[in-house]
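The values are calculated or read from the model by the stated rules, or taken from the named source; none is laboratory data. Just so it is clear, the structure is predicted and the values come from calculations on it, not from any experiment. Ideal geometry is used to build each Cβ from the backbone, glycine not excepted, and the neighbour counts take in all protein chains shown. We work out accessible area using only protein heavy atoms, side chains counted, and drop any ligands, DNA or RNA first. Shrake-Rupley method; radii C 1.70, N 1.55, O 1.52, S 1.80 Å.
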Amino acid sequence: MAMSAEGEGRGKLILFGEHAVVYGVPAIVAGLPLGARAQVVLLDEGPSRLCLIDPDSDRPLAVCDESHADQPLAQALSAILAAFGDEVAVDARVYIDIPAGAGLGSSAALAAAIARALAALLDRPSAVQAAVAASEAIFHGDASGIDQAAALSGGLFRFTRGADQPIRPIHAPGVPVSICLAGASAPTAHMVRGVAARRARHRPVFEHIERLIGAVTADAQIALSQGDWPRLGELLDINHGALCALGVSTQDLDHACHIARGCGALGAKLTGSGGGGCVFALTPGTSEAVVEAWRARGWRAFSVVLGG
Ligand code: PMV
């Protein structure tokens, strides 16, 4: 049996439908050309160790072992290992180029990379889904599974929690977007619990907002497949407004959206659970101006083309 193996996982960008997706509304998500690559070595005995490394500087970003049971990263490692059943001990080095906790799916990419390397080592490909789900439950609480789907499959697709076929690929021309990390983010589980608490107090209103987001997502799928960027941009703005209504935007996220629109972006919205973290803008022909304006404000920003 091999003693070491590698695995990869993708980051993700939710284009439409976050939060509503937790309540069964379809969302649209794309795998990012960023992600995590794990090198996993089997050890004779534990505790298992995990080191996150910045691939640009080769410097450690975080280090833990399974004895740090109070740390989410150590808990996630234990959960991944438990999904493979037997008593396994590993040394995992993970090179990750997605900012942590920014709504770009870093935790699912990390789990997918480690789980795939373990699956190769132990010849257990069927355990990968359960391993990533167990790890995501630690970071996300009641997760819809959207990050996990994107980390494992990549591409551009519609995701529906609990559907017979949760993933439906969307065929579209490459979508030019710019992404901005507008300040520190809040933990996903905290944001999901906050929405659940407000939803419990305003159930009929929240169900209206969820239906609105569902209608936006359905129109967006058509606009995407037709490459109708002006229409898609307006739908992004509407979805951002709905997320404000759910209570998950912040002053910085709103400001970053306004800056992008002011520099010619066709639309902009927060992405992921909110409370800080990332926004993205639709920027055909305007990516440089938008990214420059965000950077001038002191935020990290970059452009990518999704799908295509
Ligand atoms: O991991 P984040 O911050 O991108 O959030 C995931 C999307 C949510 O809809 C907020 C939660 C979920 O599990 O779907």
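Any residue that is buried (at least 20 other Cβ atoms within 10 Å of the Cβ) and within 30 Å of VAL177 (Cα to Cα) - is there at least one of those in the stretch 83-90? No, that holds for no residue. Is one or more of the residues making up the stretch 63-77 under 22 Å from ALA137 (Cβ atoms), part of a helix (DSSP H, G or I), without any contact (Cβ under 8 Å) to a residue 60 or more places away in the chain and away from the ligand (no atom under 16 Å from the Cβ)? Yes. Against the list (1) modelled with pLDDT under 90; (2) out of contact with any Ser or Thr (no Cβ under 8 Å at 6 or more places or on another chain); (3) surrounded by fewer than 21 Cβ atoms within 10 Å (Cβ to Cβ), the condition GLY141 fails is (2). Only residues that are surrounded by fewer than 19 Cβ atoms within 10 Å (Cβ to Cβ) and either aromatic (Phe, Trp, Tyr) or under 18 Å from the mean Cα position of the chain (by Cα) (or both) were counted in the stretch 102-129, giving 1. Residues in the stretch 263-295 that are within 17 Å of VAL29 (Cα to Cα) and either away from the ligand (no atom under 16 Å from the Cβ) or open to solvent by 10 Å² or more (accessible area, probe 1.4 Å) (or both): how many? Here the count works out to 5.
Residue-wise test of (1) modelled with pLDDT under 95; (2) open to solvent by 30 Å² or more (accessible area, probe 1.4 Å); (3) under 25 Å from ALA281 (Cα atoms).
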residue: PHE16; (1), (2), (3): no, no, yes
residue: TYR23; (1), (2), (3): no, yes, no
residue: PRO33; (1), (2), (3): yes, yes, yes
residue: ALA38; (1), (2), (3): no, no, no
residue: LEU42; (1), (2), (3): yes, no, no
residue: GLU45; (1), (2), (3): yes, yes, no
residue: PRO60; (1), (2), (3): yes, yes, no
residue: CYS64; (1), (2), (3): yes, no, no
residue: SER67; (1), (2), (3): yes, yes, no
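Residues that are within 15 Å of the ligand (Cβ to nearest atom), open to solvent by 30 Å² or more (accessible area, probe 1.4 Å) and not charged (D, E, K, R) were ranked within the stretch 144-165; the one that is farthest from ALA76 (Cα to Cα) is ALA163.
Of all residues in the stretch 252-292, those that are under 23 Å from the mean Cα position of the chain (by Cα), under 20 Å from ASP228 (Cβ atoms) and among the small types (Gly, Ala, Ser) total 6. Among residues of the stretch 134-161 that are within 18 Å of VAL304 (Cβ to Cβ), those with a Cβ under 9 angstrom from a residue that is open to solvent by 30 Å² or more (accessible area, probe 1.4 Å) and within 10 Å of the ligand (Cβ to nearest atom), sequence gap 6+ or separate chain, pair up as ASP147/PHE139; ASP147/THR188. Restricting attention to the stretch 175-184, does a residue exist that is more than 9 Å from the ligand (Cβ to nearest atom), modelled with pLDDT of 90 or more and more than 23 Å from ALA256 (Cβ to Cβ)? No, the stretch 175-184 contains no residue that is more than 9 Å from the ligand (Cβ to nearest atom), modelled with pLDDT of 90 or more and more than 23 Å from ALA256 (Cβ to Cβ).
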